[in-house]
Each structure stands twice: as C-alpha cells, then as structure tokens.
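*Asks:* After the structure tokens below, expect a handful of questions from me.
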Amino acid sequence: MVPLPKPLELHVCELVIEDAHTHNLTLVSMFADRICERFPSDPVSFSVFCPLTDGNGRGTMTVEIARWGAREIPFRRDYPIEFHNRGQVVNVHVRLNGLRFPRPDDYTVTIFVDRELVAMRTFRVRTRET
C-alpha cells in the first residue's frame, strides 16, 4: 500500500466498547503492565486498538505480539485492510482471546501493513511480586 498508513495511537486494554447508536468507542482499562499468577500464564484476553490514517488502497495488516528481543511470537495474524481515501481513519481493533505468555518479560505489540512497520508499543507481563 502506498502510502503506508500512519498510526494516531496504539493501546492495549481490557476491552473496547462501541456505542450502538453513535458508534463512539470507549477503551476500558488501558494497561502497560499485565499481571499473571504463573508462567506459562493461564489464557488471557485483551484488546489492541490503533486508529490508522493516510493510507490509500488495499493491503494486508499483520498484528503481532512478541517477546521483546526474542523470537517467541505467541500471536500473529493477518487481516485485510482498505482505505478509500487518505483522510479516512480506520479504527483497528483486534481482540486477543486465550493468549498464553510463556514467561514474564517485556512484550511488543507490532502492526505491519504489507510487511512494513506501522506501529509498535511495549508492555510488561509480570507476577504481582515483580
């Protein structure tokens, strides 16, 4: 896709709620740390939210969760994405269900479009004691 879309923000949160009438979105319990009782973790669920703009045309968006500095990728999935014009904002919301983290560490959420990096952020997965 040319040009690549630009992220307006990138969040991880417990839930994204869409109002049925206005279609406004509410991000619930955004976090930078995820607490797990044990490792490998029990299955966890959360949302990734990233509004993108300035793209044009169709492409393939990849959302990846990876352990920082390692090749462990507990989640990676491709999705079609389309921009009808450069001013359009596409609200990317990916719900991750049943994800297991192999160990406590820093993890990244990365969004690629057509294999090009578009957005990235880090969050920590840890036990209550650390």
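The values are calculated or read from the model by the stated rules, or taken from the named source; none is laboratory data. Source: prediction; values computed, not measured. Methodologically, a virtual Cβ is constructed for each residue, glycine included, from the backbone with ideal geometry; neighbour enumeration extends over all protein chains shown.
*Asks:* Could you tell me how many of the residues in the range 73-122 are small (Gly, Ala, Ser) and either over 12 Å from VAL48 (Cα atoms) or out of contact with any Pro (no Cβ under 8 Å at 6 or more places or on another chain) (or both)? Give the steps one after another, and end with the answer.
*Replies:* Let us first name the residues in the range 73-122 that are small (Gly, Ala, Ser), namely 87, 98, 119.
After this cut, where a residue has to be either over 12 Å from VAL48 (Cα atoms) or out of contact with any Pro (no Cβ under 8 Å at 6 or more places or on another chain) (or both) as well, the list is 87, 98.
Matching residues across the range 73-122 total 2.
*Asks:* Given the criteria of a type in the set (D, E, K, R) and in contact with a Lys or Arg (Cβ under 8 Å, 6 or more places away or on another chain), does GLU14 qualify?
*Replies:* no
*Asks:* Quick check, is VAL125 part of a strand (DSSP E or B), farther than 15 Å from LYS6 by Cβ and either in contact with a Gly (Cβ under 7 Å, 6 or more places away or on another chain) or among the β-branched types (Val, Ile, Thr) (or both)? Steps first, please.
*Replies:* On the way: part of a strand (DSSP E or B): yes; farther than 15 Å from LYS6 by Cβ: yes; either in contact with a Gly (Cβ under 7 Å, 6 or more places away or on another chain) or among the β-branched types (Val, Ile, Thr) (or both): yes.
So VAL125 fits the description; yes.
*Asks:* With the requirement that a residue be of a type in the set (Ser, Thr, Tyr) and either surrounded by 14 or more Cβ atoms within 10 Å (Cβ to Cβ) or modelled with pLDDT under 95 (or both), what does the range 61-93 give you?
*Replies:* THR62 - this is the single residue of the range 61-93 that is of a type in the set (Ser, Thr, Tyr) and either surrounded by 14 or more Cβ atoms within 10 Å (Cβ to Cβ) or modelled with pLDDT under 95 (or both).
*Asks:* Now, a different point. Within the range 16-60, track down each residue that is in contact with an Asp or Glu (Cβ under 8 Å, 6 or more places away or on another chain), surrounded by fewer than 15 Cβ atoms within 10 Å (Cβ to Cβ) and either in a loop (DSSP other than H, G, I, E, B) or touching a residue at least 60 places away in the same chain (Cβ under 8 Å) (or both).
*Replies:* ASN24, LEU25, PHE31
*Asks:* So, one more: Out of the residues in the range 101-130 meeting the condition of being under 15 Å from the mean Cα position of the chain (by Cα), in contact (Cβ under 8 Å) with a residue 12 or more places away in the chain and surrounded by fewer than 16 Cβ atoms within 10 Å (Cβ to Cβ), tell me which one is nearest to GLU64 (Cα to Cα).
*Replies:* THR108
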